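For reference, the structure is listed below as structure tokens.
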Amino acid sequence: CKRRINEGLARARAHSPFLRMQLELLPQVASALAEGDRDTAFAAARSEESGEDAMAALRRGRSAWATALAIADLAGLMPLEALTRALSDLADRSLDRAIAAAISERTPGEPARGFAAIALGKLGSRELNYSSDIDPILLYDPATLPRRAREEPGQAALRIAQRVVELLQKRDGNGYAFRIDLRLRPSPEVTPIALPVDAAIGHYESSALPWERAAFIRARHAGGDAALGRYFLDAI
């Protein structure tokens, strides 16, 4: 195992500028890998996801996991299904962290309720690869969504959704966490990027096109209010 991991490290440093840079920036991950300890490397990658600054933590976590998983992959120690599952689980945690951070920034002390991400596409079936974007539908419950005084639920949901996208997708000195494609929501050319849950259910019950319904073959709750996600998926 140690020999195979070190062969993977050598190949990464020789042929991948991205992985070479990340191994230099992530000494804990690199050190664990050099010792042939895949599980410790994964634990080090998980620790990079923590921190008060959500945007920085999301990017550190993505870089650390991409590095640790890529070396394990190059070493032949990660079956394809385990690799795509690990990348998809990272995307779930990132969505959940971004939603919680967006709500906390606007309404400190309020729980992350009334807002959920439903995963479709490759994320929905836990088949992400290293360069995949994610395809969520963002939903909110007007009755429970935390919002500021004199703020309409739709306004609050839109601002939370915009912040979630920014936290995950905006590029800074640490890159980005995940690219987001929100075009699988109902009528994306005219609808806001976060939809009230009952209006979304009404759309799928009454006027959704066949491809829109088929997209839910791979749908699941991926972040935010789990009860809201279950309510929507049970209805669908």
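The values are calculated or read from the model by the stated rules, or taken from the named source; none is laboratory data. Owing to the predicted nature of the structure, the values given are computational and were not obtained by experimental measurement. Using ideal geometry, Cβ is built from the backbone for each residue, glycine included, and neighbour counts are taken over all protein chains shown. Remember, those area values only see protein heavy atoms, side chains included, never the ligands or the DNA or RNA. Shrake-Rupley method; radii C 1.70, N 1.55, O 1.52, S 1.80 Å.
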With +1 on the Cβ of every Lys and Arg and -1 on the Cβ of every Asp and Glu, the dipole magnitude of segment 1-121 about its Cα centre, in debye rounded to the nearest 20, is 360 debye
Using only the heavy atoms of the protein chains and a 1.4 Å probe, how would 231, 176, 130 rank by accessible area, largest first? 231, 130, 176
Neighbours of residue 176 by Cβ distance under 13 Å: Lys/Arg at +1, Asp/Glu at -1, summed charge +3
Dipole of the chain, positive end: most advanced residue of 86, 123, 12 [Cβ charges, Cα centre]: 12
Per-residue accessible area for residue 201 at 1.4 Å probe radius, Å² rounded to 10? 10 Å²
Charge dipole magnitude, Cβ of K and R +1, D and E -1 - the chain, Cα centre, debye nearest 20: 480 debye
Sequence-separation-based contact order of the chain, relative, with Cα cut under 8 Å and 6+ spacing, percent: 20 percent
Listed residues 48, 81 arranged by accessible area, highest first, probe 1.4 Å: 81, 48
Rh (Kirkwood, all Cα-Cα pairs) for the chain, Å, reads 18.7 Å
Charge context of residue 43, other residues only, Cβ under 12 angstrom, K/R +1, D/E -1: -2
According to the square roots a ≥ b ≥ c of the eigenvalues of the Cα gyration tensor, what is the shape class of segment 119-214, taking rounded for a/c under 1.5, prolate for a/b larger than b/c otherwise, and oblate for the remainder? oblate
Can you list the residues, at least 5 places off or on another chain, whose amide H is less than 5 Å from the amide H of residue 120, using H built in the peptide plane? 135, 137
Quick check: the distance between the Cα centres of segment 58-134 and segment 4-29, to the nearest angstrom? 22 Å
Net charge (Lys, Arg +1; Asp, Glu -1) of residues whose beta-carbon lies under 15 Å from that of residue 153, residue 153 excluded, is 0
With all protein chains present and a 1.4 Å probe, how do 15, 203 order by accessible area, largest first? 15, 203
Taking the Cα centre of segment 132-202 as origin, sum charge times position over the Cβ atoms of Lys and Arg (+1) and Asp and Glu (-1), and report the length of that vector in debye to the nearest 20. 260 debye
